[in-house]
Structures are given as C-alpha cells and as structure tokens.
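Structure first, then comments.
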C-alpha cells in the first residue's frame, strides 16, 4: 500500500520547475499530485506519477538530482474534523509525520492525504487497524483518472 514518490532537487531560479514539467509532459507522463517546497537557494518538487521508474530515469538523464521515497496515501473525509480524526490516530500511535500534502476529488466527497512517515509500514498497520482507508497505487491512479 506504499506509493512511490519522486523528489527532485531544484535551484530556486525561474524556469527550473517548468523545465521538469515540460520534460515529463513530452514523455506523456501525467503528474497525479505535486508539492513544491522551497528555501532561498533550492526547492524540492515532490510528485507522484504512475510511470515513476520512467520518470526517474528521464529526470536523471536530464541531469536532475532525483530521489524515490515511499509515501502513504489515505482517504480523508472532506469535512470539518476529517483530517483531525487521522491525526489523532497517528498521534495516539506515537508515529512521526515528516511531511504531508493533500488533493481533493469529488467522486466521494473525500480528500487524499499523502504522508511521509519515519516508518511507513508501522503507520499503515496503525491506520488500517482503525479502519482508515489506506490507498494503494492502483486505486490512487484509478481515482485520479
């Protein structure tokens, strides 16, 4: 149920993000979700794509610094308190969240939260034990299409 995420390290200069997106677009690789975090000197683009191995190689071949990590996606009710329910479970399990981001879809009035945990397997066990819908790659890409 873990999902592969690509992190790309970019100089914080105009055009760097668009060049990455253009490269993926020209290879017909669709970005399901993306998070951009930055500092004054550099940025990190974190993205999920179905063809992550192809994207990883393409980006490396272009000279980009790329890292693949495992993240966990969960369905969250898109209403007040939906995220808090998930965070309460994580807190009660004393599980650390390194970062998270979200995207919404309207088919079920739900949001998808993407989490990077210190120990993703432990987090998956904790969440599923509390009946949280942890979403695997196949379901994520089906939802996003």
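Once you reduce the stretch 113-135 and the stretch 9-37 to the center of their Cα atoms, the two points are 28 Å from each other.
Treat the count of other C-beta atoms within 10 Å as a stand-in for reagent exposure and order 113, 1 from fewest to most. Numbers along the way, then the final one.
Details: 113 22, 1 18.
Going from least to most buried by this count: 1, 113.
Taken along its principal axes, the alpha carbon cloud of the stretch 2-70 reaches lengths of 30, 26, 19 Å, longest axis first. The calculated 222 nm mean residue ellipticity attributable to helices in the chain amounts to -10000 deg cm²/dmol, summing -39500 (n - 2.57) over DSSP H runs of n ≥ 4 and dividing by all residues.
Any chance you could run the full-extension gain for residue 11 through residue 119? It's 0.36 nm times the residue separation minus the Cα-Cα distance, nm to one decimal. Before the final figure, lay out the partial values.
On the way: separation 108, 0.36 × 108 = 38.88 nm, distance 2.91 nm.
That pair, residue 11 and residue 119, stretches by 36.0 nm at full extension.
Expressed as a fraction of 2.2 N^0.38 Å, the value expected for a compact globular protein of N residues, the C-alpha radius of gyration of the stretch 2-126 is 1.14. Look at 98, 56, 70 and count the other Cβ atoms within 10 Å of each Cβ; fewest to most, that gives 98, 70, 56. Annotation: extensible slack from residue 37 through residue 97 equals 20.0 nm (criterion: 0.36 nm per residue apart, minus Cα-Cα distance). Projected label points at residue 30 and residue 67, each 7 Å from Cα along the beta carbon direction, are separated by 2.9 nanometres.
Only the coordinates and a few stated rules stand behind these numbers; no lab work does. Note that the structure is predicted; figures quoted are calculated from it, not measured. Counting neighbours? That spans all protein chains shown, and the Cβs are built from the backbone with ideal geometry, glycine included.
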